[in-house]
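Let me begin by presenting the structure, written as C-alpha cells, before commenting on it.
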Amino acid sequence: MVKFAVIGHPLTQSLSAVMHNAMLEHLGIDGSYELLDTEQEDLVTRVKQLKSQGYMGFNVTIPLKVPITLFLDGCDRLADIAGCANTVKIMDDKTLYGYNTDIYGFQKAIPLEIQDKLKNNTVSILGTGGAARAAAIAFCEIGVKEIDFYARNIINASNMVNFLRDSFDNVTFNLKQMQSLRDLSSSKMLVNSTPVGMRGKAMGVSPIEESILKTLMEDAVVYDIVYNPLKTEFIKLAHKNGYKTITGLDMFVHQGAKAFELWTGQKANPDVMKMAALEELAE
C-alpha cells in the first residue's frame, strides 16, 4: 500500500485528499492520501514521521512552503527559483526532493489563446506570498514584459521581488502599496493570490473594490487562486462587469495531477480529480 499526505495548517478546507484518493481509486492503486495538520513548530517531527512511516511523498501548503526547503536534499529548477516547494517526493534512500507544481498548475489553467495575448504585456498580482511567487514565475515563463505586485507590506515583499529581478532580467517587476491601487487600465490579467474570499477567511469579500476592478481593459482576464468557494466575490464581480475569469480550481487540479505523476510515475486524469473536487464543493 502506498501512502501520501498534505501537511500545513489549517487543513479544514483542503480538498487534496478527496482529489488524490479519487485518482488512486480510478487507477486501481492500493493507497491513501491523508490530511496531516501541521503547524510550523511541529515541522521537524512531522518530516521525521513521513520518512519513517513509509510515505512516498507529500504536498505542502500554508504556512510551510518556504520552511520545507530547509529539509530538502534537492529540488527542481522552478522550486529553486521560487524559494518554496509544494510537492515533495521521498526517495528510496529517504532523501527529500522538492518540486513547485503550483507554477505548472497556475500556467496550465490559463488557456493557450489567453497565454498568447499575455506575451509582451503587463499583468497585476494582488499579494506577495507563495502563491504570488508561483504566479509571477509562470508569467515569466509565458513571456510577459511587466508584473505589478500589490502588497500590504512592501518591506516584507521586497526580498522576493529582488530575487525575481535577479532570476528574470527581461521582465520588469514593480512593487506597489495595495492601499494605493486605483487604476488597472494597463493590465491584461489581474490575479488574486491572497486568501481573501476563501471559505473561513473573509468569505464573501473581494480583495479590491468593484470601482477599481472596472478600470481593467475590456479584454482583461480575472484569475482567483481561491477555489473554495468556487465562485468567490472577486469572480462574481468580474462576471458582473463582463470579464473572462479563471477560478482557482483548475490551478489546484493541475498542480495536484502533476504531483501525483511525480510520485507514482503514472499519468493522472485531471478530469477525474476535478469531478471529485466539484462533488465535494457541491455538498
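Couple of notes before you dig in:
- In segment 193-210 there is at least one residue that is out of contact with any Ser or Thr (no Cβ under 8 Å at 6 or more places or on another chain) and part of a helix (DSSP H, G or I).
- Among helices (runs of 4 or more DSSP H) entirely within segment 2-101, having at least 3 residues that are modelled with pLDDT under 95 and within 29 Å of MET160 (Cα to Cα) singles out 77-82.
- Residue in segment 108-121 that is of a type in the set (Lys, Arg), touching a Leu at 6+ places or on another chain (Cβ under 7 Å) and either on the phi > 0 side of the Ramachandran plot or not in a strand (DSSP E or B) (or both) present: no
To keep it simple, each residue is scored yes or no on (1) basic (Lys, Arg); (2) modelled with pLDDT of 95 or more; (3) in contact with an Asp or Glu (Cβ under 8 Å, 6 or more places away or on another chain).
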{"residue": "LYS176", "(1), (2), (3)": "yes, yes, yes"}
{"residue": "SER180", "(1), (2), (3)": "no, no, no"}
{"residue": "SER185", "(1), (2), (3)": "no, yes, no"}
{"residue": "MET189", "(1), (2), (3)": "no, yes, no"}
{"residue": "PRO195", "(1), (2), (3)": "no, no, no"}
{"residue": "ARG199", "(1), (2), (3)": "yes, no, no"}
{"residue": "GLY204", "(1), (2), (3)": "no, no, yes"}
{"residue": "VAL222", "(1), (2), (3)": "no, yes, no"}
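- Among the residues of segment 149-158, those identified as farther than 14 Å from PRO207 by Cβ and either touching a Ser or Thr at 6+ places or on another chain (Cβ under 7 Å) or in a helix (DSSP H, G or I) (or both) are ILE154, ILE155, ASN156, ALA157, SER158.
- For segment 1-12, a residue qualifies if it is surrounded by 15 or more Cβ atoms within 10 Å (Cβ to Cβ) and at negative phi, and the qualifying residues are VAL2, LYS3, PHE4, ALA5, VAL6, ILE7, HIS9, LEU11.
- Residues in segment 1-22 that are more than 18 Å from ILE90 (Cβ to Cβ) and among the basic types (Lys, Arg): there are none.
- For segment 242-257, the criterion of being surrounded by 15 or more Cβ atoms within 10 Å (Cβ to Cβ), in contact with a His (Cβ under 8 Å, 6 or more places away or on another chain) and within 24 Å of PHE58 (Cα to Cα) is satisfied by at least one residue.
- Within segment 182-192, the set of residues being more than 20 Å from ALA109 (Cβ to Cβ) and either within 23 Å of the chain's Cα centre (by Cα) or in a strand (DSSP E or B) (or both) comprises just one member, LEU184.
- Consider segment 224-283 and keep the residues that are among the aromatic types (Phe, Trp, Tyr) and in a helix (DSSP H, G or I). The one that is nearest to the chain's Cα centre (by Cα) is PHE252.
- Some residue of segment 100-121 being within 19 Å of ALA134 (Cα to Cα), in contact (Cβ under 8 Å) with a residue 40 or more places away in the chain, more than 21 Å from the chain's Cα centre (by Cα) and in the same structural domain as LEU164 (by TED's automatic domain parsing): yes
- Selection from segment 174-216 of residues that are exposed (fewer than 12 other Cβ atoms within 10 Å of the Cβ), without any contact (Cβ under 8 Å) to a residue 40 or more places away in the chain, over 22 Å from ASN156 (Cβ atoms) and not charged (D, E, K, R): SER185, GLY204, SER211
- GLY31 fulfils the conditions (1) surrounded by 16 or more Cβ atoms within 10 Å (Cβ to Cβ); (2) of a type outside the set (A, V, I, L, M); (3) assigned by TED's automatic domain parsing to the domain that holds VAL171; (4) in contact with a helix residue (DSSP H, G or I) (Cβ under 9 Å, 6 or more places away or on another chain) except for a single criterion, (3).
- Subset of segment 128-146 [touching a strand residue (DSSP E or B) at 6+ places or on another chain (Cβ under 7 Å), modelled with pLDDT of 95 or more and either at positive phi or outside any loop (DSSP other than H, G, I, E, B) (or both)]: ALA135, ALA136, PHE139, GLU146
- Qualifying residue in segment 34-45 (condition: touching a residue at least 12 places away in the same chain (Cβ under 8 Å) and closer than 15 Å to MET19 by Cα): yes
The values are calculated or read from the model by the stated rules, or taken from the named source; none is laboratory data. Being a predicted model, the structure only gives us computed values, none of them experimental. Here the Cβ is made from the backbone with ideal geometry for all residues, glycine too, and neighbour counts use every protein chain on show.
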